[in-house]
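Each remark here refers to the structure printed beneath this line.
The values are calculated or read from the model by the stated rules, or taken from the named source; none is laboratory data. All values reported here derive from a predicted model rather than from experimental measurement. Heads up, the Cβs are rebuilt from the backbone with ideal geometry, glycines too, and the neighbour counts pull from every protein chain shown. Surface accessibility is based on the protein's heavy atoms, side chains included, excluding ligands, DNA and RNA. Shrake-Rupley method; radii C 1.70, N 1.55, O 1.52, S 1.80 Å.
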Amino acid sequence: VATFTPTATTATAMPVSDTHTTIAWTDNNQPGQTFSLFYDTDDRDFDGTLIVADIPAADPANQFEWYTAAVPDGTYFVYAAVDDGTQVSNFYIAGPIAVRHAATCFSPVGRDRMFRCPDGFSGEQLR
């Protein structure tokens, strides 16, 4: 029987990622069992985009570093597809992850200088 339990802590604030976030879990370490991780824009129907495929359940790390730099800004739900060789079971990780990329701004002194925008910046921005 496939098992997958996310170990992400429940917090009042949604986890926010700019370039990466860690997805962690516990599992029953069944030989031959694999996990694939996906993200989607809701927490139903298991119809998301693949993050990584075929992580062996026997891998003792029980975590994956998801690089979100190429993922558009948005709120996403991560789920695992656990394949035990007979069936695939899907499990959503509790709570969403927000991907928010820092904007790049032009310097007010010259368009040839770019820098990370400070919070609340209302000038011209380049994404």
Margin query: Among the residues in the range 77-84, are any at pLDDT 90 or above and not in a strand (DSSP E or B)?
Written below: no
Checklist line | Leading residue by the ranking (nearest to residue 18 (Cα to Cα)) among those in the range 85-100 that are in a loop (DSSP other than H, G, I, E, B) and among the polar types (S, T, N, Q) | finding: 87
Note to self: Looking only at the range 4-50, how many residues end up being assigned to a loop (DSSP other than H, G, I, E, B), modelled with pLDDT of 85 or more, of a type in the set (S, T, N, Q) and under 17 Å from residue 83 (Cα atoms)?
What the structure shows: 1
Check: Looking only at residues in the range 23-50 that are within 19 Å of residue 94 (Cα to Cα) and of a type in the set (Val, Ile, Thr), which one is least open to solvent (accessible area, probe 1.4 Å)?
Finding: 23
Notebook entry, point to check: Listed residues 70, 53; which is more than 15 Å from residue 93 (Cβ to Cβ), part of a loop (DSSP other than H, G, I, E, B) and without any contact (Cβ under 8 Å) to a residue 24 or more places away in the chain?
Noted result: 70
